[in-house]
Structure formats: C-alpha cells, structure tokens
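Below you'll find the structure, written out as structure tokens, and then a few comments.
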Amino acid sequence: MALTSDKYVKLPEGMNEGLRTRLQKGDVLISITADLGVVGYIHDEPDVPHYINQHISMLRLDPNHVETEFAAYALSSQHMNNTIQRLNDAGAKAGLSLPTIRSLPLKLPPLPEQRKIAEILSTWDAAIEKTEALLATAKAQKRALMQSLLTGKRRFPEFEGQPWKEVRLGETGTTVSGGTPDSTVASNWDGDIHWATPTDITKQTSRFIRKTARMITESGLKGSSAKLVPSGTILICTRATIGEMAIATGPICTNQGFKNLVLSDAFDSDFIFYLLQFFKKDLIRYACGSTFLELSKKAFDKRSFLMPELGEQRRIAAVLNDAEDQIAEHAQSITKLRTEKKALMQQLLTGKRRVVV
C-alpha cells in the first residue's frame, strides 16, 4: 500500500489544479481505470510535492471520524474489491466515477477500534516488507555469485590451476526436439506421460518440473515427433519465451517449442542450468525468424561456453543451489504472511472478529 514509482512534472505558474491534486499524509488513493480498485495510502508527508492524474481518485477523510489507514485497509479488502468490480461504470473498459467512489459502503467500528485494527494490519505489512527486502537481497547475492562463479572469476582453492575449456552445447550431450500429438485424436490425450509446453515452464517456482498441465498416451507419443527424455534433462524453451528452462525430475516429453538437453555423465545438470540461465541473452541473440523468433537446433548446439571439469561444476552448483533455496524460503514466507494477513483482514474488517481496545 505504498507508492513505488514517481514521474516528475512541472506545473504552470498559478495553476489551481496542482493545489487540488497535491497529496498529503493520510490521503487514500484508488485506481479508477485500468487496474480497477488498487488502493494506496500516503503514510508520511511527502518530502517533495506529489500529485495524481485522472486515473486516480483521492479520498481525504475526516480524521475525527475515520482512521484513514483503517479505511485504506477496508477499501483494499477482497470484499470491497468485489464490490468495486460490480460497480464498474464503464462496462468492458474499466472505470469508476467519483460519485460511485463516494457511494462505497464502509463498515466503521468505533474510532479507537479502527486505530487498533490498522495497527495490527500495519504490523503484518511491516513483516511482509522486511521479508521482501530479505528476498531482494538474496536475489542480488545469487546474481553476484553467478557473475563470479560462472565466469571463472572466483575459483575454489581445490580447483585453482585447472583450466576451463570452451565447450559447445552439442558436446555436452544429446539435443532432443519435441512435438505435438494430433489434437483431434482423443486417444492421444489424457494418458500418463507428462507433456510440457512453454507455459508449464514459465509458471514454475523452482528449477525443477515435476508435472505438466496436459498428459499424453503412448500412442500419442509414438504418433508424433515428441520424444521421451529422462530425469535430469534440461528443457529449454527455444520459441516465444526463449531461454526459459527447467530440469525434469522424471521421464517427460515436450512440444516443438523446446530443445531438450540430455546431458552426458561428464556434465552436471544443475551447473548447466545455472550457466544457461546466466547466459540467457546469448541464446536469445542467436534466435531468428520472420513470423516468430526461434533458436534452431543447429544454432543451439553451436553455442559454446567456458566450463570447468565435473568436480568444479558440482561445487559451483552446490553454492548456487544454497542461494536458490534461500530465495525459495523467503518467497514461501512472503506467501504465507500474505495469506495469513488476508485471512486476518477478512475477520477484522467485517466485524467477525472484534479487538479489545
């Protein structure tokens, strides 16, 4: 519920519009177009003048009757968001008028209870913000580790003096493309073979893919150019979302939007995953096509990178895995805190749970 970005303007001399739309501490903001019903709250007096444009409605409530931070929480609740969506004045194009905003119903407990509820929910927001800061730091630390470890700038003592070699991706194993069974043949689908599309990859929250949205049958596999690849294979999107990837945890096949790298025993799948993730732009740079960009098998196999021997690959991967685990831990904590806060808002802002002042 905080302002996250500003754009600077220069108002003409003597323009009253600036006075009308200038923000101050305690103002509640509601988006009235596009992302309808998004709520913001001005917690502190802005250190420089801030203004709103026509896409934002500003509420300046009487602090003698309403705790403005409580009102901001109430307006951002799921119940109120549902109400706002129903009151959409513009039909297909999202929009709320000022009279509609003024008509929004707010359930207000006594002022001291409003303040106490706002204080409780602010504590949850502070915990979320603190964890988000930890997540940002963990991500920055991982990027720094990748920069130093995957380029050979930082070496582990036991591997000092062992040179890295330039290796083509085609030399790390076998590149397998994918395919799609005939969608008009019902017997090709709803089997027990996982079949990945780029959407399955982009929605992953870890480096591993364990299941897919759609499954195919043995006949669907045999009747198409899809190929079953083993656990440890790196599935790399080479169309549309080029460079998005995941590591298979079991037998799987993909559609034609992938190049699937089945590694030899001389290469560690986690290391190659992080290496390609770090050099993703290099993969994108060699994609071509008039209708849509695609990285061909030939271009993919030719891409080369400096790589250490297997022992150092595993050592590097272990460090990056620890960094990735820390990121996942913070992300899970944020999800948990947000879920708990949402449940608490449902109780406190509807009167189902009262607080003693």
Please enumerate the residues belonging to the stretch 130-152 that are part of a helix (DSSP H, G or I) and either in the same structural domain as residue 72 (by TED's automatic domain parsing) or in contact (Cβ under 8 Å) with a residue 24 or more places away in the chain (or both).
131, 132, 134, 135, 138, 139, 141, 142, 145, 146, 147, 149
Among the residues in the stretch 253-267, are any more than 27 Å from residue 224 (Cα to Cα), crowded, with 17+ Cβ neighbours inside 10 Å and not assigned by TED's automatic domain parsing to the domain that holds residue 151?
yes
How many of the residues in the stretch 128-162 are loosely packed, with under 15 Cβ neighbours inside 10 Å and at positive phi?
1
Kindly establish whether residue 291 is free of Cβ contacts under 8 Å to residues at least 12 places away in the same chain, assigned to a helix (DSSP H, G or I), more than 30 Å from residue 152 (Cα to Cα) and of a type in the set (Ser, Thr, Tyr).
no
Among the residues of the stretch 330-357, count how many are closer than 29 Å to residue 137 by Cβ and without any contact (Cβ under 8 Å) to a residue 40 or more places away in the chain.
5
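Please verify whether residue 116 is of a type in the set (Lys, Arg) and within 30 Å of residue 227 (Cβ to Cβ), treating the condition exactly as stated.
Spelling it out, it is not the case that residue 116 is of a type in the set (Lys, Arg) and within 30 Å of residue 227 (Cβ to Cβ).
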For the stretch 163-185, enumerate the residues that are loosely packed, with under 12 Cβ neighbours inside 10 Å and either out of contact with any strand residue (DSSP E or B) (no Cβ under 8 Å at 6 or more places or on another chain) or among the β-branched types (Val, Ile, Thr) (or both).
163, 184
Residue set 116, 130; condition farther than 30 Å from residue 319 by Cα and basic (Lys, Arg); output residue 116
With (1) without any contact (Cβ under 8 Å) to a residue 12 or more places away in the chain; (2) assigned by TED's automatic domain parsing to the domain that holds residue 318 as the list, and residue 186 as the residue in question, which single condition is left unmet?
(2)
Mind listing whichever residues of the stretch 221-270 are in a helix (DSSP H, G or I), free of Cβ contacts under 8 Å to residues at least 40 places away in the same chain and farther than 19 Å from residue 283 by Cα?
222
In the stretch 189-212, how many residues are part of a strand (DSSP E or B) and either assigned by TED's automatic domain parsing to the domain that holds residue 332 or under 18 Å from the mean Cα position of the chain (by Cα) (or both)?
2
Going by the structure shown, is residue 327 of a type outside the set (Ser, Thr, Tyr), in a helix (DSSP H, G or I) and without any contact (Cβ under 8 Å) to a residue 60 or more places away in the chain?
no
Can you report the number of residues in the stretch 17-35 which are at pLDDT 85 or above and farther than 27 Å from residue 115 by Cβ?
2
Scan the stretch 294-320 residue by residue and report those that are part of a loop (DSSP other than H, G, I, E, B) and either in contact with a Phe, Trp or Tyr (Cβ under 7 Å, 6 or more places away or on another chain) or not small (Gly, Ala, Ser) (or both).
295, 303, 308, 309
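Given 171, 166, 158, which one is of a type in the set (Asp, Glu) and touching a Leu at 6+ places or on another chain (Cβ under 6 Å)?
Just one listed residue meets the conditions, 166.
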Just checking, how many residues over the stretch 294-318 are more than 26 Å from residue 157 (Cα to Cα) and surrounded by 20 or more Cβ atoms within 10 Å (Cβ to Cβ)?
2
Can you confirm whether the stretch 115-123 contains a residue that is of a type in the set (Gly, Ala, Ser), out of contact with any Pro (no Cβ under 8 Å at 6 or more places or on another chain) and not assigned by TED's automatic domain parsing to the domain that holds residue 219?
yes
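The values are calculated or read from the model by the stated rules, or taken from the named source; none is laboratory data. Worth saying up front: this structure is predicted, and the values here are computed from it rather than measured. Glycine gets a Cβ as well: all are built from the backbone with ideal geometry, and neighbour counts include every protein chain shown.
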